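Scroll down for the structure; my scribbles are underneath it.
The values are calculated or read from the model by the stated rules, or taken from the named source; none is laboratory data. Note that the structure is a prediction, hence the values are computed from the model and not measured. Neighbour counts are summed over all protein chains in view; Cβ atoms, including those assigned to glycine, are modelled from backbone coordinates with ideal geometry.
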Amino acid sequence: MLLHVAAFAFWSSFWPRDFVKKRLEPVMGWVGYRFFYNFGVIFLLGASILYLAQKNPESIILWNLRGEPWFRPLIYILMALCVFFLYAVVPMGLSFWGLWKPPEKFELLQTGIYRVTRHPLYVAVFFMLLAKTLVFGTLIAVIWSVGLLAYNVLGVWYLETPSVRAHWGREFEEYEKRVHWFPFLSILQGREKFAWSEFSPAGWIGLALTYLGLIALHPLLVKLVYDLPRLGYVTQWFRDRLF
């Protein structure tokens, strides 16, 4: 499990670094570089979830809340919050995924969801991790969740924030003073105001469809997880040769 987390962390941290980007982006182009990076992130995160699901029955059970009447609504709420904070990908559109050319002008995003928290994508990941961990309720699920959460926190503190601060300088420092990393805290403190007008209607529709799609496809995804070949064989092969 830790090997999967380490692979995801390495890929997510390695490709965005300036010394890598400056060398490879001119060769691969913005679209190729961005698509390759995002494909790896999604693939490795998906692989870790697949491995977790397949190994979960063998792990120590810490809790089982599935019979509680409030449990399913809670999971739906957590996943809705995850999708809500995923709105952070909307302002860049297809460019974010490497499916379109880059924006004509790059700017520090400070409106919409970025008034709620400085790190909306990481908040989205947190709610996803919490939901998955509560559903699985095993020791390996806790290890997976804590490992990814620790990577996100350390990545923000030691990699992303210093890089953004160095690039945007005083503009980011002023933004950092106004908007807290903890969701909605700056709004509750009156330092920012939540403005619905700064959210795209098309973006909301896309998020709603994403959420409904996840709910509708969930039974199929669960079936695929248990029908696919066990990913542990692949992980074991790498582990035997690395260690």
- Note on the structure: Only unsatisfied item for T235, checking (1) in a helix (DSSP H, G or I); (2) at pLDDT 85 or above; (3) in contact with a His (Cβ under 9 Å, 6 or more places away or on another chain), is (2)
- Query: Does any residue of the stretch 129-140 turn out to be under 15 Å from the mean Cα position of the chain (by Cα) and in contact (Cβ under 8 Å) with a residue 60 or more places away in the chain?
  - Reply: yes
- Query: Which one is surrounded by the fewest Cβ atoms within 10 Å (Cβ to Cβ), of the residues in the stretch 120-176 that are of a type in the set (G, A, S) and within 26 Å of L3 (Cβ to Cβ)?
  - Reply: A150
- Checklist (1) over 24 Å from A131 (Cα atoms); (2) within 16 Å of the chain's Cα centre (by Cα); (3) surrounded by fewer than 14 Cβ atoms within 10 Å (Cβ to Cβ) applied to F19, failing item: (2)
- Only one of W63, W144 is farther than 27 Å from G203 by Cα, of a type in the set (F, W, Y) and part of a helix (DSSP H, G or I), namely W144
- Query: In this structure, does L159 turn out to be of a type in the set (A, V, I, L, M), modelled with pLDDT under 90 and part of a loop (DSSP other than H, G, I, E, B)?
  - Reply: no
- Message: Going through L149, L209, L130, L134 one at a time, which residue ends up being in a helix (DSSP H, G or I) and within 21 Å of F10 (Cβ to Cβ)?
- Response: L149
- Message: The conditions are (1) under 16 Å from T111 (Cα atoms); (2) in a helix (DSSP H, G or I); (3) among the charged types (D, E, K, R), and E192 fails exactly one of them. Which is it?
- Response: (2)
- Task: Go through the residues of the stretch 116-125 one by one and say whether even a single one is farther than 21 Å from T210 by Cβ and either free of Cβ contacts under 8 Å to residues at least 60 places away in the same chain or among the aromatic types (F, W, Y) (or both).
- Result: no
- Selection status of L45, of a type outside the set (K, R), under 30 Å from F199 (Cα atoms) and either in contact with a Lys or Arg (Cβ under 7 Å, 6 or more places away or on another chain) or part of a helix (DSSP H, G or I) (or both): yes
